[in-house]
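Inspection log for the structure reproduced underneath, given as structure tokens.
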Amino acid sequence: MRGRHMARRKGAQAKRRRPSSSSAAHNNIGLLRLMLATGVVFGHACGQFGPGAPFREPILTLIPGTLDLASLCLDGFFLISGWLITMSRLRSRSTADYLCRRVIRIYPAFLLAYALSIWLIHSLYAAPGSPQWWRLALLQAPPAFQHEGTWWNANAPLWSLAFEFRCYLMVALLGATGMLARREMILKLALTLLTLWLLSRYPPLNWRLHSLQYAQNWPLLYALIGEPAASLRLFTIFFTGAAGYLYRDDIERLIDHRAALVSGLWALLLLGHPSVAEWAICLVGAPALYWLAFRANLGPLGQINRRTDISYGTYIYGWPAGLSLAMAGFNFWPYLAITVITSWACGWLSWHLVEKPTKDMLRLPALLINRLARERSEQRVPASIHSD
């Protein structure tokens, strides 16, 4: 009877702890992250092809002056990241455990991507200059290089990793002080950032914000806090996603396929208003992104990139792949297709050879501790044995 009672209590507790559909394992996050990473690679590859391309950027060709495809996909990344990282911190055992997981997740593949990018530009383009290895400690992108009178980025997408890690550190601070669990405070923070970001779009303020250039005179300060305009933009998007996670139960009740459709249509319409396009899409398009990530039933497509997450590797190796293939002499469309496929292959290799092994190394101490505890409990001999 006591065993049945304990089993019933455990079942009730498990039912109370059962996550909502938005936080359950069965979602389309993997597919969506891969789509966003592929969008970044595609958008960049159009510009990397050089002269002879039918267009330099897909969205800007249709709507001049608005948001480019790579920036739009990066915004989607940060919105999802705010959701997932907030969940990760609240589920972590401690701040140290959370930070260790974040460092292990982002640094090993970044180090390899940085070194590979430096090797490529020196091997393929014979670019002079120092690798500036100090940038590794601060998650900075490799230095730009000059080729045939034109300056090129060695690996442009890496610039965003420092901003993402700064968001991780802010989440760690909020979690350590207990403020992350106070969802009203995080919502107020997100609304404040959204308001400041909107005000910064006002031309005089926008000019003033972008004129704060101190990279040359204060390189270390620039490396630590980044460009003010980019910090405001990405912190706003990230904490909009964080607030979304904390209010996930309310969002789940309000957002269905009809609301997601309206949200997506409004986001497309707002692309035609360059001055507020990115701000409005972040706010208005978020419900559509949420529905696609957590509520849409995509069948077998939802399984893509779920167990083998190649999105991060696709994102950080897509640019070097595009630079290398640009010298191969392909026509435009074959070049785009081969660049995307190559970036997927690099992402697959990165996951299996770098990212997953380092994550498994992090889990090893916890697995050993749990195994030792289980063996000790099994070795305990009961004080008395009752027989029928």
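The values are calculated or read from the model by the stated rules, or taken from the named source; none is laboratory data. If you're wondering where the values come from, they're calculated on a predicted model, not measured in any experiment. Neighbour counts run over all protein chains shown; Cβ positions are idealised from the backbone, glycine included. Just the protein is used for accessible areas: all its heavy atoms, side chains included, with ligands, DNA and RNA removed. Shrake-Rupley method; radii C 1.70, N 1.55, O 1.52, S 1.80 Å.
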Separation between Cα centres of the range 115-164 and the range 36-69, rounded to whole Å = 21 Å
message = What is the distance in Å between the Cα centroid of the range 277-294 and that of the range 326-367?
response = 27 Å
message = Per residue of the range 224-235, what does 6.51 cos²θ - 1.76 cosθ + 1.60 with θ = phi - 60° give for ³J(HN,Hα)? Whole Hz please, x for Gly and Pro, Karplus curve as stated.
response = 7, 10, x, 6, x, 5, 5, 4, 4, 4, 6, 5
query = Within the range 325-359, whose backbone N sits under 18 Å from a point 7 Å along Cα→Cβ of LEU111?
reply = 350-359
request  = Using a 1.4 Å probe over the heavy atoms of the protein chains, calculate the carbon and sulfur portion of the accessible area of the range 176-307 as a whole percent.
outcome  = 67 percent
inquiry  = I need to check one value: relative contact order of the range 110-182, counting alpha carbon pairs closer than 8 Å and at least 6 residues apart, in percent.
reply    = 24 percent
inquiry  = Applying a 10 Å radius around every beta-carbon, put 61-74, 328-341, 310-323 in order of their mean neighbour count, most first.
reply    = 310-323, 61-74, 328-341
note = Taking Lys and Arg as +1 and Asp and Glu as -1, residues besides CYS346 with C-beta under 15 Å from its C-beta add up to -1
note = Label model pair LEU173, ILE304: point-to-point distance (7 angstrom along the Cα→beta-carbon line) in nm is 3.9 nm
